[in-house]
1. How many Lys pairs in the stretch 267-411 lie less than 25 angstrom apart by Cα atoms, where the lysines are 8 or more positions apart or on different chains?
2. Quantify, in whole percent, the carbon and sulfur part of the accessible surface of the stretch 217-286 (1.4 Å probe; protein heavy atoms only).
3. Rounded to a whole number, what % of the accessible area of the stretch 451-495 do carbon and sulfur atoms account for, probe 1.4 Å?
4. Compute the length gained on full extension between Lys86 and Lys371: take 0.36 nm times their separation in residues and subtract their Cα-Cα distance, giving the result in nm to one decimal.
5. Determine how large the accessible area of Met191 is when every protein chain is in place; take a 1.4 Å probe and give Å² rounded to the nearest 10.
6. Ignoring everything but the protein chains, give the 1.4 Å probe accessible area of Phe267 in square angstrom, nearest 10.
7. With each run of n ≥ 4 DSSP H residues scored as -39500 (n - 2.57), what mean residue ellipticity at 222 nm is computed for the chain after dividing by its residue count and rounding to the nearest 500 deg cm²/dmol?
8. In straight Cα distance, which lysines are under 30 Å from Lys202, not counting same-chain residues fewer than 8 positions off?
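The values are calculated or read from the model by the stated rules, or taken from the named source; none is laboratory data. All values reported here derive from a predicted model rather than from experimental measurement. Heads up, the Cβs are rebuilt from the backbone with ideal geometry, glycines too, and the neighbour counts pull from every protein chain shown. What goes into the accessible areas is simple: the full protein's heavy atoms, side chains included, and nothing from ligands, DNA or RNA. Shrake-Rupley method; radii C 1.70, N 1.55, O 1.52, S 1.80 Å.
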Amino acid sequence: MQLESSGRLSKRIAGAIALCLVLPIVVGCTTKGSQPPANGTTDSAVQTLKIALNVEPTALDPARVQDLYTSELLMNCFEGLVRVDKNNAIEPALAERWELSPDGKTYTFHLRKNALFHNGRLLKAADVKYSWERAVAPQTASPVAANYLEGVVGLKESVSGKSPDLTGIKVVDDLTLTVILDRPRSYFLSMLAYTSNWIVCKEAVEGAGKNFGLKAMVGTGAFRMTEYLPGQRITMEAYTAYWGGAPKVGRLEFPILLSTEAQYNSFSASELDIVGGIAPSRYAQNKVQGKFTAEYQNLPSANVVYFVMQQERQPIFAKKEVRQAFACAIDRTKLIKVANRGVAQLADGFVPPTLRGGASYTSPLTYDPVKAKALLASAGYPDGKNFPALTLSVVQHQPETLEQATLIQSDLRANLGIDIKILEREAGEYFTAGNRREMECYLASWYADYPDPQNFLSTLLMTGAALNRSGYSSPKFDLLCRQADSERDTEKRAKLYAAADTLLMEDVGVLPLSYSPRLLLVKQGVTGWQSNACTLLPHFATTKR
C-alpha cells in the first residue's frame, strides 16, 4: 500500500480520488433503535480517542483505496474475511475458519454467525460475493481491486465487463462460500486482508446512488462513521453490536491535518492522542532534547522508499546502462544521513528484511561516481551531453522527501552532468499521474499490504501486473516470481524471491533507497492499541484514561 513520499504507496501510487462529499454531512447509520455509547455512559461522558489524519481521504469506498492512511481510517468501519494480527500472521475476521483443498486451488470459508452490518442485518456469504464482484466491476473504476483478487477464476471476464459474475466464487449457503483459483497461490489468504476485499452492505451502497458517501459507509467493523467534514475532521462512534465485543472507547475523532508541523503542534498542545506520521527530523531533534521520550513509538515497518525511472514514459530509462548510471551516481547513504537524520536503513533490495524469511541478500548497488560516468558514456551520453530534460515528482507537504529529491538532484548534476527539475505535486494529482504513467521519474514508498514478498515483487514489478507503474519488464524475473508465488515450501519460496530481487537490483528496475521505521507519538494513558509490520490495527482494543 502506498504511503507516497504509498504508498501504502500505500500502503504502498494511489488511485483516482473519489471524494464524493463537498459539503459538511452528518449521517447516523444506526442499527435498529438508537445506539447507546460503548461504555454505557451518557454521550457527554463518552471517551473520545483523537487521531491525526494527515491526508484528505482519497476515497470512502474500500474498493478504491490505495493509500495507507485512508486504509487505516476505514478499517475501523469495514473488515474482510481475514486480517493480519499484531504478530504479522493471518487470523480469522469475518470468516471464523476455512479449509484448503489438497490441490491448493479451492478455499472454503465459513462465516461468523454473529457478524452484523451497522444497519443490524446479519452478514451473509452473498455479501462477500457482491462486494468482490462490485470491487472489480468496470463501473467501480478501482485501480487496485483486480490485483488483490488475482487468480480467482473468472476475474478477467469480470474486469473486462464481459460478465458481472465472478464464476470462481460460489455461495454454498448463507454462511459458506468457496473460492476457486486458477493455480495454487500461497499468498492468497493474505491478499484477502487488503482494503479492496473488505465487505460492504449491498442495500446501503445501492441506496446511496452514485456517490459512495456516508450513507454507503455501512460495514461490520467496530466503529461506524457518523460525520465527515471535508478538510476538517471525521468522527466515528463505537458499534456496540460488534461481533468481537464493544470497543473500549466510545468515539474516534480524526482531525484532518495535512502538515506534519500542524500534527506535531496539536499533539504538543494535548489536542491529539495519536500522531502516526512523525518526520525523522522532528524525531531526531526531540531525541537530542529528551522530549516526548515516553510518547515516542519506533515501530518496525515493512516498507521501502524507492526511486522510479519510468521506462514507458521516458524511453531513455529503457536503457539499462542509464538506470545503472543513476544508481551509481546517487549517494543513498547520504540521503539517509541527511534527509532521514539517520532514522532509516540502507536498502540492499526491494523486499524489506522483515519479510525475507531468512534468505540472504547481497546488493550489487554501490555509490561509485566514476563507474556512473562510464556507464552513462557507454549509453551514449558522455558527461550528460544531449541527455533530455527530466522532472522528478514528489508529493507536497513532505519535507524529508523534498530534501531527498534535492540531494538526488545535486548528485546527478555533480556526477553525471544531468540537470533535473523537481516538481511538488498535490497528493491526489500525484496519485492520478502515477496511475496514468504520466511521471517520468518520481520518489515513492510502498508499505506492505500484507506480510509477504509477493506484495513487493510480483505485485509491483512483474510484466503486465496491474500495479507495475515503473515499466520494468524481465522474463527471467517474471519466471522466478511465478515460481515463488505458487511454491508452498516456505524456505524454497524465500530463496526464489531473493533470486528475483537480486536480478531486479542488477537491472535497476527501480532503485531502492531505504527502509524506515514508523514513528508515532502516543499520549501516555492511551493503551491497548495494536500494530503490525504493515499498519496500525483497528482501535477495538484501545483504551484511554
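1. 16
2. Looking at the stretch 217-286 in its full context, I get 44 percent from C and S.
3. Numbers: 940 of 1840 Å².
The nonpolar share, carbon plus sulfur, comes to 51 percent.
4. Extra length available between Lys86 and Lys371 comes to 98.2 nm.
5. Only protein atoms counted, so the area is about 0 Å².
6. Using a 1.4 Å probe on the heavy atoms, I get roughly 10 Å².
7. Using -39500 (n - 2.57) per qualifying helix, the result is -7000 deg cm²/dmol.
8. The reachable lysines, counting only those whose Cα sits under 30 Å from Lys202, are Lys11, Lys32, Lys105, Lys113, Lys124, Lys129, Lys156, Lys162, Lys170, Lys210, Lys215, Lys248.
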